[in-house]
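Structure, as structure tokens:
The values are calculated or read from the model by the stated rules, or taken from the named source; none is laboratory data. Given the structure is predicted, the values throughout are model-derived calculations rather than measurements. Note: ideal-geometry Cβ built from the backbone for every residue, glycine included; neighbour counts use all protein chains shown. For the accessible areas, the whole protein counts, side chains as well, though only heavy atoms, and no ligand, DNA or RNA atoms are used. Shrake-Rupley method; radii C 1.70, N 1.55, O 1.52, S 1.80 Å.
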Amino acid sequence: MTITFAREEIQQTINMIQKENLDIRTITMGISLLDCSSDDIGKLETKIYDKITKNAGRLVEVGEQISARYGIPIINKRVSVTPIAIAAAQMNSEEMVRIAKALNKAAREIGINFIGGFSALVQKGFTNGDLALIDSIPQALSETEFVCSSVNIGTTKAGINMDAVLKMGKIILKSAQLTADNDGIAAAKLVVFCNAPEDNPFMAGAFHGVGEPERVINVGVSGPGVVAKVVKEHPNADFSELSNLIKQTSFKITRMGELIGRAASKSLNVPFGIVDLSLAPTPAIGDSVAEILENMGLERCGTHGTTAALALLNDAVKKGGAMASSHVGGLSGAFIPVSEDAGMVRAVEEGALTLDKLEAMTCVCSVGLDMIALPGDVSAETISAIIADEAAIGMINKKTTAVRVIPAIGKQAGDRVEFGGLLGGAPIIAIHPYSSNLFVHRGGRIPAPIISLTN
């Protein structure tokens, strides 16, 4: 497939890159590990390491070559693999930690930023491999640098596995405790999903689904700064006009993403998968989803009207991307990770943005409660209740929702955590003081909604 660009479109893209923080956030190679299966841990470690380094050994080199050729920054090069709970189903928890270290070694060898897929899919129950992997997560993430983990605990078709929800509250808290001297960084590499997509290139939730090919290239674009500028330049546009302006901008961003993805696909001789056109913010000033919403006329992100503004933004981004490419996938829309968005951080600091308002916003955005620092004395049951609320939103609305929260051990609401890099830093947000213990300990499965009966 050949993608052609008009001269004017090329100049617009150059301006977006130079002045508005436009970039390719990630090129992610998905790799199937299904053929690595072995009941011998030593052989399994070797097979996994060899397959990743063989297939993705040139990923960073190719990414840098493409970036130089087109003049487009490619910020991250990543790998996602088959959920390890499936690929290593015969292993126990100690052996799962060894596999995480093999993944970490492979990531270091090929020079990528993160490797995702230390994952389990438990929406209807646990296999032995699922339990082994989940129990190993705190140690695995605290003893590795590049490994990211995700657990899918619900779907619209299956309902919500509340036993898994309760377990993940404990796992998140323990992950934070094991890395308390680094503001709970292990928890920042762990996400709990409802309706997890199998082709998501973004971390920490990327994994290579069992329905995916042997290898694939997925691309995640960005561009909050570009959209924020367009909105700011049209203060008198009504909402219909504003939606069209955002769609046009999203169209251009998505076309650029597919161009880069197909170039990487050709150079690596790996099939092209999808473009995830999510607006993914960074801590940099001017690269903020919150700023887009404020440019629509809100004094501060989080005030009344924020959810409506985010709904318009998310819908327009999806429509523009769908017109630009037939291979849109992943999450695609607008992310609201607090620590990674300077505007969101400011809104929390000023008291405009609360956990409850963030939850309301997740009804209309692409993911969920993302990169939110919680007080260090939060209970595992409260974390589980937060996960259950988000999963319910995803299940009922047939959309992906997720929770990536970081208990800041030894700190309280109003203090700060600092992770550095794209993960940024954030003030610790207040939570409700009332208990959800009896609720989350009921166990069992919240049944799938009636809308799941679509066959």
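What relative contact order, as a whole-number percentage, does region 25-194 give when Cα pairs under 8 Å and 6 or more residues apart are counted? Averaging sequence separation for qualifying contacts and normalising by length gives 21 percent for region 25-194.
Subtracting the Cα-Cα distance of T127 and D39 from their residue separation scaled by 0.36 nm leaves 30.1 nm. When each full DSSP H helix of the chain is screened for a Cα extent of at least 20 Å along its own axis and an average Kyte-Doolittle hydropathy of at least 0.0, the helices passing are 128-142, 162-178, 306-324, 380-397.
Could you work out the local net charge near A290, counting Lys and Arg as +1, Asp and Glu as -1, over the other residues with Cβ closer than 9 Å to its Cβ?
Numbers: positive: R300, R346; negative: E291, E294, D341.
Summing Lys/Arg as +1 and Asp/Glu as -1 gives -1.
Between K266 and N244, the distance separating the two model label sites (each 7 Å from Cα on the Cα→Cβ line) works out to 3.5 nm. One entry in [x] 24, 51, 24, 2; [y] 24, 54, 20, 1; [z] 27, 60, 13, 0 is P(r) over Cα pairs in 20 Å bins from 0, in percent calculated from the shown coordinates; its label is [z]. Can you work out the FRET efficiency for the pair E145 and Y70, with r the C-beta to C-beta distance and R0 = 41 Å, to the nearest 0.05? Efficiency, rounded to the nearest 0.05: 0.85.
Leaving out ligands, DNA and RNA, and with a 1.4 Å probe, what % of the accessible surface on the chain is carbon or sulfur? Walk me through the intermediate numbers first.
On the way: 8800 of 17580 Å².
In the chain, the share of accessible area belonging to carbon and sulfur is 50 percent.
Please list, in order, the residues from region 432-446 whose amide nitrogen is less than 19 Å from a point placed 7 Å along the Cα→Cβ vector of T307. Under cut-off, by backbone N: 432.
If r is the Cβ-Cβ distance from D315 to H432 and R0 is 22 Å, what FRET efficiency results, to the nearest 0.05?
According to the calculation, E is roughly 0.10.
Ordering 388-399, 33-44, 156-167 by mean Cβ neighbour count within 10 Å, with the highest value first, yields 156-167, 388-399, 33-44. Using 0.36 nm per residue and subtracting the Cα-Cα separation, the extra length available between L453 and E94 on full extension is 125.2 nm.
What does the accessible area per residue of region 320-418 come to in Å², with a 1.4 Å probe and no ligands, DNA or RNA counted? Working shown, then result.
Values: 3080 Å² over 99 residues.
Roughly 31 Å² per residue, with all protein chains present.
Remark: region 25-194 carries 35 Å² of accessible area per residue (probe radius 1.4 Å; ligands, DNA and RNA excluded).
In this structure, A237 and R58 have a Cβ-Cβ separation that, at R0 = 60 Å, corresponds to a calculated FRET efficiency of about 0.85.
Please report the relative contact order for the chain, taking Cα pairs under 8 Å with a sequence separation of at least 6, and give it as a percent rounded to a whole number. Write out the running numbers ahead of the final one.
On the way: 1099 pairs, mean separation 80.2, N = 455.
This gives 18 percent for the chain.
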